[in-house]
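The structure under discussion appears below in the form of structure tokens.
The values are calculated or read from the model by the stated rules, or taken from the named source; none is laboratory data. From a predicted model like this one, the values you see are computed outputs, not experimental measurements. Neighbour counts run over all protein chains shown; Cβ positions are idealised from the backbone, glycine included.
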Amino acid sequence: MSSVWIVVAGLSFGVGAVLLVQAGNPGNYGFCAACHLRDIAGALGIHKAGPLQYARPEIMGWIIGAFVISKTTGEFRPRGGSAPFIRFILGALMMLGALVFLGCPLRALLRLSAGDLNGITGLAGFLAGIGTGIVFLRSGFSLGRARTITGPTAYAGYLPVVLSVLLTIAVAVGAGFLYYSAKGPGSQHAPILVSLIAGLITGAVAMKTRMCLSGGFRDFFLVRDTFLLKTYGLLFLSAAAANLYFGSFKLGFTGQPLAHTMHLWNFLGLYLVGITATLLGGCPLRQLIMAAEGNTDASVCVLGMLAGAGLAHTFNLAASGAGVAVNGQLAVGIGLAVSFIIGWSFRESPLIEATA
């Protein structure tokens, strides 16, 4: 793929994220697959954390934008059937790890681009988790190949798009069945149309470039492919430049928006995300884009992430600006144990996930 796509992807995500913050999104919260899904879970009533309830249009834009491009280019292919229950569990654990860190890998990079040095600790854990996941891949881990879905069941591949359209309409008209935060991060958002357009553009770009930070590191470690890492490198540089321009760059560990300084749990939170993303064949952003392309396995993972958000905020497992409660620390330990068991148990053949 040409270097033009590296530039388009890097700039649209990097500058776009900063512009969304300037337009009203919480600090260092322009794009975050995990946090946005967590807010959507709150809007749907899956959890009752009042400050974290808003159906973020960016997510719906990602799905609709990726769907439109995949249909236009003939790359929309309903497929699935590869260990859905395990994918659901791994999706829930991936969300748990992200909420302990307070962000997905994409947000970790964006936080770092605004001077939040806690992003270094988190990304170090993410990298270590990918390394652990690669050990399982090389030992033969596989959840099996996704199969092409034909006949009436093929319409299941359209479900994420249908739901995204319905949610977009609900947000636009203020439908009464959604919950909205009166205060806190959920009450802070860019105008609906701005968020949706940003999501549509970046969703289309993410589909075309196969953007995935865990996949980028995995490809580099396994076959020395640097395409995805170049994309994220430009994303970081463009976001840093935009933060400096708008005066939103603040270097340090403390006093950062929507962040905590419990370094061990920042590390372990994204360590859990790195392992699960590698076993699943993609990070949270990639799972959403694959779901938009008709991959029902990725859709199951996204459902697991929504369930994980519900569990995290129902049982006080997610972090806050004050840090990570004991419940959350225990949950991360259990999540790592479950991930190791899955990685060890599903060793069939030296096959890297076909849906990556």
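Of note:
- Condition met for residue 139 (among the polar types (S, T, N, Q) and exposed (fewer than 12 other Cβ atoms within 10 Å of the Cβ)): yes
- Selection over the range 1-51 of residues that are under 20 Å from residue 243 (Cα atoms) and not in a helix (DSSP H, G or I) gives a count of 9.
- Positions within the range 73-93 being touching a strand residue (DSSP E or B) at 6+ places or on another chain (Cβ under 8 Å) and farther than 22 Å from residue 33 by Cα, in sequence order: 77, 78, 79, 81, 82
- Checked against (1) surrounded by 18 or more Cβ atoms within 10 Å (Cβ to Cβ); (2) among the hydrophobic types (A, V, I, L, M, F, W, C); (3) not in a loop (DSSP other than H, G, I, E, B), residue 318 passes all but condition (3).
- In the set 244, 193, only one residue is under 21 Å from residue 120 (Cβ atoms) and surrounded by fewer than 16 Cβ atoms within 10 Å (Cβ to Cβ); that residue is 244.
- Where residue 222 falls short, out of the listed (1) touching a residue at least 24 places away in the same chain (Cβ under 8 Å); (2) closer than 19 Å to residue 279 by Cα; (3) in contact with a Ser or Thr (Cβ under 9 Å, 6 or more places away or on another chain); (4) assigned to a helix (DSSP H, G or I): (3)
- Residue within the range 287-296 that is closer than 29 Å to residue 210 by Cα, in a helix (DSSP H, G or I) and of a type in the set (D, E, K, R) present: no
- Any hit, the range 262-278, residues being in a loop (DSSP other than H, G, I, E, B) and out of contact with any Phe, Trp or Tyr (no Cβ under 6 Å at 6 or more places or on another chain): yes
- Some residue of the range 45-68 being of a type in the set (Ser, Thr, Tyr) and at pLDDT 95 or above: yes
- Where a residue in the range 115-135 is surrounded by fewer than 19 Cβ atoms within 10 Å (Cβ to Cβ) and its partner, wherever it lies, is hydroxyl-bearing (Ser, Thr, Tyr), with Cβ under 6 Å and at least six apart: 128/271
- Residue match in the range 174-184 (condition: of a type outside the set (Asp, Glu), in contact with a Ser or Thr (Cβ under 9 Å, 6 or more places away or on another chain) and at pLDDT 90 or above): yes
- Filter pass, residue 164 being of a type in the set (Gly, Ala, Ser) and in a helix (DSSP H, G or I): yes
- Some residue of the range 78-87 being modelled with pLDDT of 95 or more and surrounded by 22 or more Cβ atoms within 10 Å (Cβ to Cβ): yes
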